[in-house]
Amino acid sequence: MDVIEAALQANRVLYRRLRTQGLHADDHLCFEQGAGGDRSSAIDLEAERVFITYLLPFGTIISEESGTIENPDMSSYIVLDPIDGSDNLLSHLPYYGTSVAYFEEGKCTKAVITNLANGDCFVKDQNGLKRGKIDEKNFSDVACNPFSKAGIFERAYASSRLHPLLQKAGIKYRSPGAFALSLAYARDVSFVLYEGAIRSYDVEAGRFMCEDLYLYETHELFLVSKDKEIFDRIIDLFISN
C-alpha cells in the first residue's frame, strides 16, 4: 500500500462512519485549541486518529489538530487537515472533507482531497490530477468546466477589502466554508479566492493540485483560476485598491 491508497483507506473509514452512523452528541464536544488555532471537536480528533493509523508509517504527520506526530524513521512528512470544514459538518451543511499533502525532500509530490459529504475524491501524483468517488476504483482525468458562472470566495464574511470590490465589479461568488475542498474544485468554478492569513493545513494539497492554473499568493491573498481574464480582473482590483 502506498501513501495515496493509505489516505484513501482512511477516507473510506470516515466516509462510511458518517454515512452509516451520522453524528453523535459526543462528536460536538469541544476540546483545547488545536495546532491550527481553532478549538478541536471530538469528530476532528476521531478523524485525526484514523489518519494517524493509516499514514504515520509513511512519515511524520503535521496535523491541524495535534501538531507534529513524529515518525523518526522517515524523512518524508504529511500535512493533514483531518476535517476540512468541520463547522459545516457539525452544522449539517453538506460541504466538508479531508486534505492530505505528502512531502518528499521538502516538496509536495502527492495529495488527496476528499469531499466526505458526497464522496468526491481528488488525487494527484506523478500521473497528474484524477477525480473519482471514494468507494470506486476508477479515477478519471479532471477537465475544466468552460461554463462556470461563479467563483468561490472563502472567508468572505471576514473580508473588509475585497468583498465590496467584487460586489461593485459584478463578480459572482459563493463562500461554502472549506478552503482545501474548494481548491480541489477550482476547475469547476470561475476562481477560488481567500483573503487573510493562510495556514499550511488549508492550502498545501490544494496548491499542489492547482499548480498548473493561474495562481497568485501573498501573505494576505490567495487566488487561483483556470480563466486568465477573471484572474487578471481580480488581481487588478486588489492591486489598484
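Kindly provide log₁₀ I(q)/I(0) values, in the same order as q = 0.12, 0.13, 0.25, 0.26 Å⁻¹, from the Debye equation applied to equal alpha-carbon scatterers of the stretch 64-132. Ignoring solvent entirely, the Cα scatterers give -0.38, -0.45, -1.09, -1.12.
Working note: Karplus 6.51/-1.76/1.60 with θ = phi - 60° gives the stretch 182-196 the couplings 4, 5, 5, 8, 4, 7, 8, 10, 6, 6, 10, 10, 9, 10, x Hz, where Gly and Pro are set to x. Exposure proxy ranking for Val189, Val123, based on other Cβ atoms within 10 angstrom of each Cβ and starting from the fewest, stands as Val189, Val123. Each of Asp125 and Ser175 was given a label point 7 Å from its Cα along the Cα-to-Cβ line. The distance between the two points is 3.8 nm.
Annotation: aspartates and glutamates with alpha-carbon distance below 15 angstrom to Lys130 (same-chain offsets under eight excluded): Glu5, Asp120, Asp141, Asp188, Glu211, Asp212. The mean sequence distance of close C-alpha pairs (under 8 Å, at least 6 residues apart), as a share of the length of the stretch 44-110, puts its relative contact order at 25 percent.
Normalising the Debye intensity of the chain to I(0), with uniform scatterers on Cα atoms only, and taking log10 at q = 0.09, 0.11, 0.12, 0.14 Å⁻¹ returns -0.37, -0.55, -0.66, -0.90. Computed with the Debye formula from one identical point scatterer per Cα of the stretch 151-240, without solvent, the log10 of I(q)/I(0) at q = 0.17, 0.23, 0.25 Å⁻¹ comes to -0.62, -1.23, -1.50. In loop segments of the stretch 50-136 as defined by DSSP, the GluC sites (Glu not before Pro) with at most 14 further C-beta atoms inside 10 Å of their C-beta are Glu70, Glu105, Glu136. Just list whichever of Lys133/Lys168; Lys168/Lys226; Lys172/Lys228; Lys110/Lys149 have alpha carbons separated by over 28 Å in the model shown. Over 28 Å Cα-Cα: Lys133/Lys168; Lys110/Lys149. If you plug the beta carbon distance of Arg17 and Lys168 into 1/(1 + (r/R0)^6) with R0 = 30 Å, you get a FRET efficiency near 0.10.
None of the figures in this text is laboratory data; all of them are computed from the coordinates on show. The shown structure was predicted, so the numbers you read here are calculated from the model rather than taken from an experiment. Using ideal geometry, Cβ is built from the backbone for each residue, glycine included, and neighbour counts are taken over all protein chains shown.
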